[in-house]
Amino acid sequence: MTWRSKLKTRAIVLSALLVAMLLATSSAEAEPTAQVRFLHAVPGVGTASLSASGVKVGSAAFGEKTGFATVPSGNSALVLHGPGGLVLKGSDQLDAGHAYTIIALAKGKSAELRGFVDGSARAGVARVRMIQAAPELGMPNFVVGGKVVAKKAPYGMDTGYADLEPGSYKVMVENPSNGKTVIPTASVSVAAGSATTAVLVGSRGEQARWVLVDDSTVAPAAAPETGLGGLSTSSDGIPWLLALLTALGAGTLGGLIHRSASRAGDRDAGH
């Protein structure tokens, strides 16, 4: 085998190894994940901390929520640590690419963890839903802007999203039997291209109130990408940054092949 053939063979092997390494790195970075946050709705229980699949989501006091944490998708083990050594366990199926709000709810003399999928926003409309998380308020009607958008909302369940015109609304819950307001009315402003959850918490010594949670927004139309963001993909589904690095690596190796082969050829000619 000539020097030129040997160099070409080595270059091909090195190029294949480079591509394999870069693809492995890209695959690892693309591991399926979900976004998870925690909302504390158990009256009378102090600050609690949630973990999902071993990932710490965060800590929250009653009526508060955490930010999102990135968690592996799949059947996730949920563990809540509260004051006095309280440990509450549960599980939820987390689908890749989705966002979830895990709510700690009172259940009898104990509590439970329940996951809610956060809905997607829609351009031009404001989406709003309610989660009834106040154990002593029964099954009230959910009223937005004087209109009943959900009747007899069950405890621990969400009402589903209602599509509204963007603007400011009075939000309340009322007793379905007599139409009387159950808790003080709150005002909420909702924007076009947003999805919001109004969580009703309280009772058992805690004043009933709303906790408003932003679920999703529709991003404005993106300008053409001009950087090496690494998130853009080629027509083959390979990130542009990966393709560029591969090309650069192949080009560098190609240059080495050419120079080495030329030198080998000169030596052969000299002999």
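Just a few scattered comments:
- Around the amide H of Gly193, modelled in the peptide plane, lie the amide H atoms of Arg122, Gly124, Val125, Ala126, all under 5 Å away and 5 or more residues distant in sequence or on another chain.
- Volume per residue that the Cα convex hull of the range 132-197 spans, once the total is divided by residue count, Å³: 80 Å³
- Set Lys56/Lys147; Lys65/Lys107; Lys65/Lys180 screened for pairs whose C-alpha atoms are more than 31 Å apart: Lys56/Lys147
- Counting neighbouring Cβ atoms within 10 Å and putting the fewest first, the residues Thr70, Thr33 line up as Thr70, Thr33.
- Remark: the range 156-163, residue by residue, has Karplus-estimated 3J(HN,Hα) of x, 10, 9, 8, x, 7, 10, 8 Hz, where x stands for each Gly or Pro and the curve is 6.51 cos²θ - 1.76 cosθ + 1.60 at θ = phi - 60°.
- FRET efficiency estimate (nearest 0.05) - Cβ-Cβ, Lys170 to His98, R0 30 angstrom: 0.45
- Computed FRET value (nearest 0.05) for Lys152 with Ala123, which takes r as the C-beta separation and R₀ as 22 Å: 0.10
- Computed from label points 7 Å out along Cα-Cβ, the spacing between Val55 and Asn178 is 4.8 nm.
- Building the convex hull from the alpha-carbon atoms of the range 32-118 and averaging its projection over directions returns 4.9 nm².
- Local electrostatic count at Ala208 - Lys and Arg +1, Asp and Glu -1, tallied over other residues with Cβ under 15 Å: 0
- Among Glu31, Glu174, sorting on how many other beta-carbon atoms sit within 10 Å of each Cβ, with the fewest leading, yields Glu31, Glu174.
Computed from the coordinates by the stated procedures, all read-outs in this text should not be read as laboratory data. Not measured: the values here are computed from a predicted model. Glycine also receives a Cβ, built like all others from the backbone with ideal geometry; neighbour counts cover every protein chain displayed.
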